[in-house]
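The values are calculated or read from the model by the stated rules, or taken from the named source; none is laboratory data. Because the structure is a prediction, the values reported are computed rather than measured. FYI the Cβ positions are ideal-geometry reconstructions off the backbone, even for glycines, and counts take in every protein chain you see.
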Amino acid sequence: MIKKLLIVDDEAEICEFLKSFFEDRDFKVATAHNGIAALEQVERFQPDVVLLDIQMPGMDGLQTLKKMKDTHPKLKVIMVTAVETQEKIEEAMRLGADNYITKPLSLEYLEKDVQDKIDSLAKIS
């Protein structure tokens, strides 16, 4: 099974670092640096899982999450942020996020969480 991951973060270095990390683990990876590009990538690339930063200029991660879930309700989305507030966590979960991870990232935890989401999709299909 091809595992497809979309990484969305306005910091290009983070996207490239995570892309390399997951490609080394046999994932097919696409990146986007803003909400609009992320929505386009969801249509074109059709990822299994999305890592979505909350703090982005323009359309933030929560707005992007809502649009993604409106068109692709089964898409697995893991929110990633440096700013952890209970209000943002609750809103993200209400909008359909599958998890919420804070920076700095634990790569071990992140890899396990992404793989768990992929495994849960395999059970559905």
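For this structure, a couple of remarks:
- Unique match (being modelled with pLDDT under 95 and surrounded by fewer than 21 Cβ atoms within 10 Å (Cβ to Cβ)) among LYS103, LYS112, LYS67: LYS103
- Matching residues, region 19-36, being of a type in the set (A, V, I, L, M, F, W, C) and either farther than 20 Å from GLY96 by Cβ or crowded, with 18+ Cβ neighbours inside 10 Å (or both): PHE21, PHE22, PHE27, VAL29, ALA30, ALA32
- Within region 86-125, the set of residues being in contact (Cβ under 8 Å) with a residue 12 or more places away in the chain and more than 25 Å from LYS19 (Cα to Cα) comprises LYS88, GLU91, LEU95, ILE124.
- Members of region 63-106 that are among the β-branched types (Val, Ile, Thr), over 15 Å from the mean Cα position of the chain (by Cα) and closer than 23 Å to ILE14 by Cα: VAL83, THR85
- Enumerated strands (runs of 3 or more DSSP E) restricted to region 30-125, each holding at least 3 residues that are aliphatic (A, V, I, L, M) and touching a Lys or Arg at 6+ places or on another chain (Cβ under 9 Å): 76-81
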